[in-house]
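The values are calculated or read from the model by the stated rules, or taken from the named source; none is laboratory data. Owing to the predicted nature of the structure, the values given are computational and were not obtained by experimental measurement. Note that each Cβ is placed from the backbone with ideal geometry, even for glycine, and that neighbours are counted across all protein chains shown. The area values use the complete protein model at the heavy-atom level, side chains included, leaving out ligands, DNA and RNA. Shrake-Rupley method; radii C 1.70, N 1.55, O 1.52, S 1.80 Å.
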Amino acid sequence: ALWGDRPPASAAKILQGCVVRIRKVLGREAVQTSPHGYALHLPTEDVDSLRFEDQVSRARELLTLGEADRAAYLVTDALALWHGEAFADLEGWEPAVAAGTRLSELRLEAEELRVDALLRAGRYREVLSAAQVLVRAAPLREQRWVLLARAQYQSGQQGEALRTIHQLKGILAEHLVDPSALVMGA
């Protein structure tokens, strides 16, 4: 990850120095040595990305159990762990790029989960502006439009909800290919 295919001759010494510094900060047991090299072992609660995934998963469970307020609180707490892009300082290192892409998608889903939980908790007006922000941020994510229409409808804005659904239909028609057109053109 540091040097790609061309590590310097002193790579082993540099790595050992890094491990010593990590152990000083995180504790000796945090970095374990094996025949294959070093492995970092930290509790889930000490790693933001693991805490985020765990909290989002738990929030989904709570929403399924009908505990919308608790789910909203938990997913809001999970989203507060985010600061910038995932693994931004490791761009170009394929494992970090893959993990960052996965976490970024989960973040988008968590934003939608939060709005869904708040809607189910009956907090329609409170969530309306958040749903509008989500749609503007990612207009091709259909779920965001559905959440916006639900928020509008449930807060007494049925006409706006219908306009939102009509607008979604237009955007999908503009940006997505109709599968029937592919079959007929073949």
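Counting only protein chains, not ligands or nucleic acids, how are Arg102, Arg136 ordered by accessible area (probe 1.4 Å), most first? Walk me through the numbers on the way to the answer.
Working: Arg102 115, Arg136 170 Å².
The ranking, largest first, comes out as Arg136, Arg102.
Could I get the Rg over Rh figure for the range 115-172? Both from C-alpha atoms, Rh via Kirkwood, rounded to two places. Walk me through the numbers on the way to the answer.
On the way: Rg = 10.3 Å, Rh = 11.0 Å.
When Rh is taken as the Kirkwood radius, the ratio is 0.94.
State, to one decimal in nm, how far the label point of Asp46 lies from the label point of Gln158, with both points 7 Å from Cα in the Cβ direction.
5.7 nm
How much accessible surface does Thr101 have with a 1.4 Å probe, in Å² rounded to 10?
About 90 Å², rounded to the nearest 10.
According to a simple spin-label model (label point 7 Å from Cα along Cα-to-Cβ), what is the distance in nm between Ser57 and His166?
About 4.4 nm, to one decimal.
What does the accessible area per residue of the chain come to in Å², with a 1.4 Å probe and no ligands, DNA or RNA counted?
Values: 12440 Å² over 186 residues.
Spelled out: the 1.4 Å probe surface of the chain, per residue, equals 67 Å².
Compute the length gained on full extension between Trp93 and Lys24: take 0.36 nm times their separation in residues and subtract their Cα-Cα distance, giving the result in nm to one decimal.
Values: separation 69, 0.36 × 69 = 24.84 nm, distance 2.61 nm.
Using 0.36 nm per residue and subtracting the Cα-Cα distance, I get 22.2 nm.
Give me the Å³ per residue figure for the convex hull around the C-alpha atoms of the range 47-88.
Spelled out: Cα convex hull of the range 47-88, divided by residues, is 54 Å³.
Rounded to the nearest percent, how much of the accessible area of the chain (1.4 Å probe, protein heavy atoms only) is carbon and sulfur? Intermediate results must be reported in sequence, preceding the final value.
On the way: 7020 of 12440 Å².
Percent of accessible area from carbon and sulfur atoms in the chain: 56.
Using just the helices of the chain, give the 222 nm mean residue ellipticity in deg cm²/dmol: DSSP H runs with n ≥ 4 each add -39,500 (n - 2.57), and the total is spread over all residues, rounded to 500.
Details: 8 runs with 124 residues, N = 186.
One gets -22000 deg cm²/dmol as the mean residue ellipticity at 222 nm.
Just flag the GluC sites (Glu not before Pro) in the range 26-94 sitting in loop per DSSP whose Cβ has no more than 11 other Cβ atoms within 10 Å.
Within the range 26-94, the qualifying GluC sites (Glu not before Pro) (loop, at most 11 other Cβ atoms within 10 Å) are Glu91.
Per 0.36 nm of contour for each residue apart, how much would the distance between Ala39 and Glu109 grow if the chain were fully extended, relative to their Cα-Cα spacing? Don't skip to the end; give the middle numbers.
Values: separation 70, 0.36 × 70 = 25.20 nm, distance 3.02 nm.
Value of the extension gain: 22.2 nm.
Which order do the peptides 141-152, 164-175 come out in when sorted by mean C-beta neighbours inside 10 angstrom, highest first? All intermediate terms of the calculation are to be shown ahead of the outcome.
Details: 141-152: 21.2, 164-175: 13.3.
Highest-to-lowest ranking by the protection proxy: 141-152, 164-175.
How long are the three semi-axes of the equivalent ellipsoid for the range 56-183, computed from the Cα gyration tensor as the root of 5 times each eigenvalue, in whole Å, largest first? All intermediate terms of the calculation are to be shown ahead of the outcome.
Numbers: eigenvalues 139, 110, 30 Å².
Taking √(5λ) for each eigenvalue gives 26, 23, 12 Å, largest first.
Taking K and R as +1 and D and E as -1, what net charge do the other residues with C-beta under 12 Å from the C-beta of Glu142 add up to? Show your work: numbers first, answer last.
Values: positive: Arg141, Arg144, Lys169; negative: Glu112.
Net charge in that neighbourhood comes out at +2.
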